[in-house]
Amino acid sequence: MSELLDAVRAGADAQTLANLPLPATTRAVFVRREDQGMFEGMASSDKDPRQSLKVGEVPLPELAPDEVAIGVMASSINFNTVWTSIFEPLPTFGFLDRLGKESVWGQRHAQDFHVVGSDASGVIVRAGSAVRNWKIGDTVTVHCNYLDDQDPTSHDDSMLASNQRIWGFETNYGGLADIAIVKANQLMPKPTHLSWEEAAVNALCNSTSYRMLVSRNGAPVTQGQKVLIWGATGGIGSFAVQHVLNSGGIPIGVVSNATRANILRELGCEYVIDRNEKGYRFWKDEHTQDESEWRRLGKDIRALVGDDPDIVFEHPGRSTMGASVFVTKRGGTIVTCAATSGYMIEYDNRHLWMKLKTIKGSHFANYREAWDANQTICVGKVVPPLSATYALEETGQAAYEVHHNRHDGKIGVLCLAPETGLGITDPALRATVGEERLTVFSRHANS
Ligand code: NAP
């Protein structure tokens, strides 16, 4: 352990941190280029992140002028780390190699290791010469929109930038490490009432759901609108539910077990569908969907809320998209950011055009959206869905849990933080938000 990292852990002041040397290497979670063929021919579900995710020391690159180095106190597991670890749909080394060809600074990313992780909370330990708004010692969270601000296409909505990337997935030196490298325009203030691990699990999923359901770039919910949310206690779903409630909408949460149904009710989501209990079979076989099953879901939604959903929050993809398009209200919107169960989706287009529905694609969030989403956390309007916390060495197991849908909400990962519960600097705000509310997911996961 380096003196600098010991000082971060001890909460040392900015001057002390500035005076200690940045180590040449960092402990990190990574996949290796040489392993990218290791699961060839295997079914997705058999590909095991515990085999491909390594924990060890990797060299740190020189810091670019617009970057900071963060002493990472905690990080989280996102589904993109699962994708990297099973080398699906593509090995991520292709992304790193492409970035490596773009510029001198980009070359640093094209390595034979890929340090993963797209969330972090921590302390700035170094700031490049062009960093203006942040300084050593600041406590931060990080959003994962990584872009080239000298590219003109990044200056309307930066998610439309031609070379927009996701940090820790399409770039190297991600958050599952003791030291992470990020651009200054990824930084956001750490919520003061949260522990390091609570603060680390929000940015990627919360910002994604915010763009999908709050921002005008997505399908913004207005008061009284009904929103069907698949995977409503999963990473993005648990934030989607909270954003719909905050907007005055009515979430209908779909989950697959009773614990998750209870979490939803405690979050304030009154209308819940347990898809396992209902036993929907949207696909008769691998090639054929069953419209009568779409209809059954539609009837169940009407029985609950008296109407069809104005918006469907889509991400399971192939398994649900046909049903999602069918049940959406005339003129309504299916907003999608993923396809976990398969991206070659199929739906009956007659239901889309005859009923004037829209399918809206969405991907992460621009800085403004991520910042606003972070504010919802900072003021306690949205709570972190942290259900469990693992040590950095256990990242493989944590990713395995997410891969197999065995977790609720989000899994946090301790990097430099020696134990859970540290980092809270505004206990009064915490008391106002309420311990009960802040621990909805962890209490149910442990019950
Ligand atoms: P997650 O924590 O695993 O949650 C996904 C939820 O979906 C699960 O809780 C599960 O809920 C439900 N689900 C899984 N398979 C399903 C199926 N076949 N049919 C219906 N429901 C199913 O994952 P996440 O973090 O929410 O991410 C979800 C997807 O979005 C991933 O593919 C991820 O890569 C993607 N994503 C994209 C972006 C972006 O910017 N484009 C950002 C974040 C995430 P139940 O079993 O309880 O129903």
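The values are calculated or read from the model by the stated rules, or taken from the named source; none is laboratory data. Note that the structure is predicted; figures quoted are calculated from it, not measured. Every residue, glycine as well, gets a Cβ built from its backbone with ideal geometry; the counts of neighbours run over all protein chains shown. These area figures cover heavy atoms from the full protein model, side chains too; ligands, DNA and RNA do not enter into them. Shrake-Rupley method; radii C 1.70, N 1.55, O 1.52, S 1.80 Å.
Things to note:
- Alpha-carbon centroid distance for the pair region 369-383 / region 1-75, whole angstrom: 26 Å
- One decimal place: the segment residue 34-residue 277 gains 83.1 nm when fully extended, by the rule 0.36 nm per residue minus the C-alpha distance.
- Averaging the Cα positions of each part gives two centres, and for region 414-444 and region 258-301 these lie 32 Å apart.
- Surface per residue (accessible, 1.4 Å probe) for region 1-105, Å²: 46 Å²
- Amide proton proximity set for residue 250, modelled H, under 5 Å, gap of 5+: 224, 225, 226, 227
- Whether region 17-104 is rounded, prolate or oblate, judged on the alpha carbon gyration tensor where a/c under 1.5 counts as rounded: prolate
- Accessible solvent surface per residue of region 117-256, calculated while the other protein chains remain in place, 1.4 angstrom probe, Å²: 27 Å²
- Between region 92-152 and region 399-413, the alpha-carbon centres lie 25 Å apart.
- Global geometry of region 289-447, whether rounded, prolate or oblate, following the gyration tensor of its Cα atoms and the 1.5 cut on a/c: prolate
- Put simply, when 134-144, 412-422, 5-15 are sorted by average Cβ atoms within 10 angstrom per residue, most first, you get 134-144, 412-422, 5-15.
- For region 199-207, Karplus couplings with θ = phi - 60° (6.51, -1.76, 1.60), whole Hz, Gly/Pro x: 6, 8, 9, 9, 4, 5, 6, 5, 5
- Cross-link pairs 101/183; 135/381; 54/183 - those with Cα-Cα distance over 23 Å: 135/381; 54/183
- By average C-beta atoms within 10 angstrom, highest first, the peptides 172-179, 159-166, 78-85, 327-334: 172-179, 78-85, 327-334, 159-166
- Per-residue [θ]222 nm for the chain (sum of -39500 (n - 2.57) over DSSP H runs n ≥ 4, rounded to 500): -8500 deg cm²/dmol
- Table column - 3J(HN,Hα) (Hz), region 161-172, Karplus curve with 6.51, -1.76, 1.60, x for Gly and Pro: 4, 5, 10, 5, 9, 9, 4, x, 10, 9, 10, 8
- Within the accessible surface of region 4-146, defined with a 1.4 Å probe on protein heavy atoms only, the carbon and sulfur portion equals 50 percent.
- With the simple model of a label 7 Å out from the Cα in the direction of the Cβ, residue 153 to residue 101 spans 1.5 nm.
- Translational diffusion of region 169-247, µm² s⁻¹ [Kirkwood Rh, Cα pairs; Stokes-Einstein; 10 °C; 1.306 mPa s]: 110 µm²/s
- Cα Rg over Rh - the chain, Kirkwood: 0.96
- The phi torsions of region 34-39, fed into the Karplus equation with coefficients 6.51, -1.76 and 1.60 and a -60° offset, translate into couplings of 5, 9, 5, x, 5, 10 Hz, rounded to whole numbers, with Gly and Pro shown as x.
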